[in-house]
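Data first, discussion second: the structure below is written as structure tokens.
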Amino acid sequence: RAKHAGRGRAMYYETLMDDDRDERREMEEALRAAVARGEIDVVFQPIVGARSRTICGVEALARWSRGGTKPVPPDVFIPLAEATGIIDTLGPLVLKRACAAVRNWPGIDISINVSPAQFRNPYFPDQALGIIAEAGIAPSRVTLEITEGYFIQNPGRAKLVMDRLKAGGVRIALDDFGAGFSSIGYLIRFGFDRMKIDRSLTIAGEQSPKGGAMLQATVALAASFDMPVTAEGVETAEQAAFLHLCGCDQLQGYFFGKPMSERAISDLLAPPADVEAAAG
Ligand code: C2E
Ligand code: MG
Ligand code: MG
Ligand code: MG
């Protein structure tokens with residue numbers, strides 16, 4: 001019976017979604033080819049100290065322009081890469097590029113997003129630590145960002161992978177906190193080095209007194225478990241001030257800088273001599 005139901009469902013999708021499936025397959029092949037040719041860009045978004053307001057780190061974000069011209073959002077091509085195994089090539093590519101870039105930025109830390117699909121790969125810790133060692137940067141400058149999903153699905157394995165990475169010296173941040181289920185007590189057990197609160201929480205924080213209280217309580221809770229907090233999606237001076245007041249030590253968002261090219265970050269960190277002279 002189950003088999004019959006399964007076949008029925010497959011046929012239903014085939015007839016109704018043929019066009020979608022073709023489009024998806026075409027996109028998959030285009031992405032696979034682009035990754036194989038190294039045609040994935042990495043951009044970097046500044047992360048600033050909440051007090052100093054100077055850049056202390058950057059988050060690496062993948063960019064893909066299909067056919068070299070049509071940008072496809074990461075929220076589209078990352079899930080596709082995860083579902084098709086392409087992430088096993090794309091992930092290391094981004095990590096290599098990001099590590100190579102940060103080598104030229106002394107004193108700046110680098111955050112790189114890691115998919116649950118990568119965490120699932122038994123070779124991932126050795127591979128990631130190998131790439132970082134090869135790049136010649138201190139592992140302590142590298143933070144891998146991961147969302148809660150995999151920790152809820154497979155807590156035992158997730159903890160093992162995480163401990164291997166942490167033993168290698170890299171830091172692990174819990175990304176997008178406040179966007180999902182965020183079963184707080186449960187997540188605390190894993191020993192994340194940092195919490196990144198989702199843009200939705202940053203926004204909620206200034207929308208109502210209750211939102212503000214929620215934000216404050218979240219940051220205080222993280223602090224009581226020795227997790228410093230980065231706020232994401234900071235778009236206004238008011239948000240920045242409130243988040244600092246709540247105890248976030250790092251801020252990230254369009255207010256401080258959009259994701260930008262390696263060259264643009266380099267210029268920001270060490271302005272070319274003529275620009276400095278012109279600025280007086
Ligand atoms: P994320 O890791 O939470 O990254 C932050 C996202 O918020 C980025 O979107 C960034 O451009 C955006 N953002 C930053 N500040 C602001 C702001 O002030 N306002 C608004 N509206 N948005 C802001 P992006 O680059 O589109 O990436 C989306 C997601 O795709 C990322 O969310 C991450 O989960 C995933 N992703 C991106 N690159 C990679 C990658 O190399 N590997 C993996 N596994 N996932 C990636
Ligand atoms: Mg992230
Ligand atoms: Mg995030
Ligand atoms: Mg995200």
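The values are calculated or read from the model by the stated rules, or taken from the named source; none is laboratory data. Computed from a predicted structure; not experimentally measured. For neighbour counting, all protein chains shown are included, and Cβ atoms are generated from backbone atoms with ideal geometry for every residue, glycine included.
Computed values, structure above
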{"item": "Failed criterion for Phe255 (all others in (1) in contact (Cβ under 8 Å) with a residue 40 or more places away in the chain; (2) closer than 30 Å to Arg103 by Cβ hold)", "result": "(1)"}
{"item": "Yes/no for Ile132 being part of a helix (DSSP H, G or I) and under 20 Å from Glu82 (Cα atoms)", "result": "no"}
{"item": "Helices (runs of 4 or more DSSP H) lying entirely in segment 148-254 (those with 2 or more residues that are crowded, with 16+ Cβ neighbours inside 10 Å and within 17 Å of the chain's Cα centre (by Cα))", "result": "149-153, 155-167, 199-207"}
{"item": "Subset of segment 164-186 [at pLDDT below 95, away from ligand 3 (no atom under 13 Å from the Cβ) and within 23 Å of Ile110 (Cα to Cα)]", "result": "none"}
